[in-house]
Ligand SMILES: [Zn+2]
């Protein structure tokens, strides 16, 4: 995948500074949900009154990714309810969300630290040192009782939507169920985690063989595009409607076979001059092994196998940051 540069390459015309990303959707009015209805602020519970799985939808894990919150807000106003079991919707990082400024839209991802890197037992056991840790501990009881959890995210750079699940059979089955719906046939990925810390979908409750929890993360599209709201809404509906089927292992109707891939490599920029050869869109497939996709100082980055999927390339990556993940189709 990484080899010493053989020859001089033409200078690339890709931006070195972050371009401006238009904000095409409005912030949702979350005031009806602020105080919550089950004792925890920002947590809304809808009980079907029938036995069944306890399922959780999480929006705003990242404060500036509010397309999922627009969708969740709309469905709550339409009084979405599971057929069986209990649905809980968590608006996670409301504090960061409130600071969102369309003139500087990437700044409000979090306040003190990334809420999606703190979910190891070790971190959760220590005294909170940030707004986000406090919030993680506050919503932890809801996370722990979730038979299934859907964490809603979106992406800065243009990309096809995708599902990411932990590498457990039960979570892969949940992701497969969502991606086999006719109008959400997105690639489902298992990946290598994040070096920065455990994500919500990787909390012990979802990884341990001893607990039943299933989790899946949706990357629904570009942060501030109307399509990303629509895709988030579709996936929330499918999640709520299919939870009982998945929980009890029933088949039910599905559209297409899920498309799966596995992340094999996290490519980290080792130099400040990391640059992709093209402005690749996330989800692009590079057909031939050995194709040059980027240069990084004196190194060339090449695809290690045929049909390599580029996951969320960061076109303005800085030294030490994750530039792209490479995934092999299964
Ligand atoms: Zn996110």
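Just so it is clear, none of the values below were taken in a lab; they were calculated from the coordinates. Keep in mind the model is a prediction, meaning the values are calculated, not measured. Note that we place each Cβ from the backbone using ideal geometry, even for glycine, and neighbour counts take in every protein chain shown.
Only Cα pairs under 8 Å and at least 6 apart count here; give the relative contact order of the stretch 31-247 as a rounded whole percent. Provide the component values of the computation, followed by the final result.
Working: 458 pairs, mean separation 54.9, N = 217.
For the stretch 31-247, the relative contact order is 25 percent.
How do the peptides 141-153, 100-112, 309-321 rank, highest first, by the average count of neighbouring beta carbon atoms within 10 Å per residue? Could the numbers behind the result be given before it?
Working: 141-153: 21.8, 100-112: 15.2, 309-321: 18.5.
Averaged packing, sorted descending, gives the order 141-153, 309-321, 100-112.
Arranged from highest to lowest average of other beta-carbon atoms within 10 Å per residue, in what order do the peptides 256-268, 179-191 appear?
Values: 256-268: 17.1, 179-191: 19.6.
In descending order of packing, they fall as 179-191, 256-268.
How much length, in nm to one decimal, is gained on full extension between residue 84 and residue 204, taken as 0.36 nm per residue of separation minus their Cα-Cα distance?
Numbers: separation 120, 0.36 × 120 = 43.20 nm, distance 2.54 nm.
That pair, residue 84 and residue 204, stretches by 40.7 nm at full extension.
Is the shape of the stretch 17-130 rounded, prolate or oblate, going by the alpha carbon gyration tensor and its root eigenvalues a ≥ b ≥ c, with a/c under 1.5 for rounded and a/b larger than b/c for prolate? Since a/c reaches 1.5 but b/c is at least a/b, the shape of the stretch 17-130 is classed as oblate.
How do 157, 119 line up, fewest other C-beta atoms within 10 Å first? Show your work: numbers first, answer last.
On the way: 157 17, 119 21.
In increasing order of surrounding Cβ atoms, one gets 157, 119.
Between residue 34 and residue 289, residue separation times 0.36 nm minus the direct Cα-Cα distance comes to 86.8 nm. Computing FRET efficiency as 1/(1 + (r/R0)^6) for residue 273 and residue 329, where r is the C-beta to C-beta distance and R0 is 45 Å, gives about 0.90.
Going by C-beta contacts inside 10 Å, put 76, 207 in order with the fewest on the left. Walk me through the numbers on the way to the answer.
Numbers: 76 20, 207 16.
Ordered by Cβ neighbours within 10 Å, fewest first: 207, 76.
Counting only helical runs of four or more DSSP H residues, what would the 222 nm mean residue ellipticity of the chain come to if each run contributes -39,500 (n - 2.57) and the total is spread over all its residues? Value at 222 nm, helices only, nearest 500: -6500 deg cm²/dmol.
Shape call for the stretch 31-247 from the C-alpha gyration tensor, a ≥ b ≥ c root eigenvalues: rounded (a/c under 1.5), prolate (a/b greater than b/c) or oblate?
Numbers: a/c = 1.19, a/b = 1.11, b/c = 1.07.
It comes out rounded by the Cα gyration axes.
Among 280, 305, sorting on how many other beta-carbon atoms sit within 10 Å of each Cβ, with the fewest leading, yields 305, 280.
Counting only alpha carbon atoms, the long axis of helix 131-144 and the longest principal axis of the chain meet at about 60°. The long axis of helix 226-247 is offset from the longest Cα principal axis of the chain by roughly 60 degrees.
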